[in-house]
Amino acid sequence: MKWVYWSRLYDSKFQAGCLVRRMEHDGWLFGIDMPHEIEVYRSRKGKYGVRYVP
């Protein structure tokens, strides 16, 4: 399986972490299949992003 990258990069790790929590919460709330693994990563330019394995 390959990583799927979220299209937006964030200035802080906190902002990217909020997106991860939202993805987890929405999956639980709406009964959507959850990704197997979600993580925050740092790009080469120093910004933070979210990637997941569906």
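The values are calculated or read from the model by the stated rules, or taken from the named source; none is laboratory data. Note that the structure is a prediction, hence the values are computed from the model and not measured. Don't worry about glycine lacking a Cβ; one is built from the backbone with ideal geometry, like all the others, and counts go over all protein chains shown. Side chains are part of the model used for accessible areas, which takes the heavy atoms of the whole protein and leaves out ligands, DNA and RNA. Shrake-Rupley method; radii C 1.70, N 1.55, O 1.52, S 1.80 Å.
Helix 13-30 and the longest principal axis of the C-alpha atoms of the chain enclose an angle of approximately 10°. Over the chain, Cα pairs under 8 Å with separation of 6+ residues give a relative contact order of 49 percent. Note the listed values (i) 29, 43, 21, 7; (ii) 26, 52, 20, 2; (iii) 27, 61, 12, then indicate which one is P(r) over Cα pairs in 10 Å bins from 0, in percent calculated from this particular structure. This structure yields the entry labelled (ii).
With helices as the sole contributors, the chain gives -11500 deg cm²/dmol at 222 nm; each DSSP H run of n ≥ 4 counts as -39500 (n - 2.57), and the sum is divided by every residue. Within the shell of other residues whose beta carbon sits under 12 angstrom from the beta carbon of residue 46, the net charge comes to +4, with Lys and Arg scored +1 and Asp and Glu -1. The mean accessible area for residues of the chain, using a 1.4 Å probe and ignoring ligands and nucleic acids, is 82 Å² per residue. Of the trypsin sites (Lys or Arg not before Pro) found in the chain, those in coil by DSSP whose Cβ has at most 12 other Cβ atoms within 10 Å are 2, 8, 44, 45. Could you tally the net charge around residue 1, taking each other residue with its Cβ under 15 Å from the Cβ of residue 1, Lys/Arg +1 and Asp/Glu -1? It works out to a net charge of -1. Rolling a 1.4 angstrom probe over the chain with all protein chains present gives an accessible area of which 53% lies on carbon and sulfur atoms.
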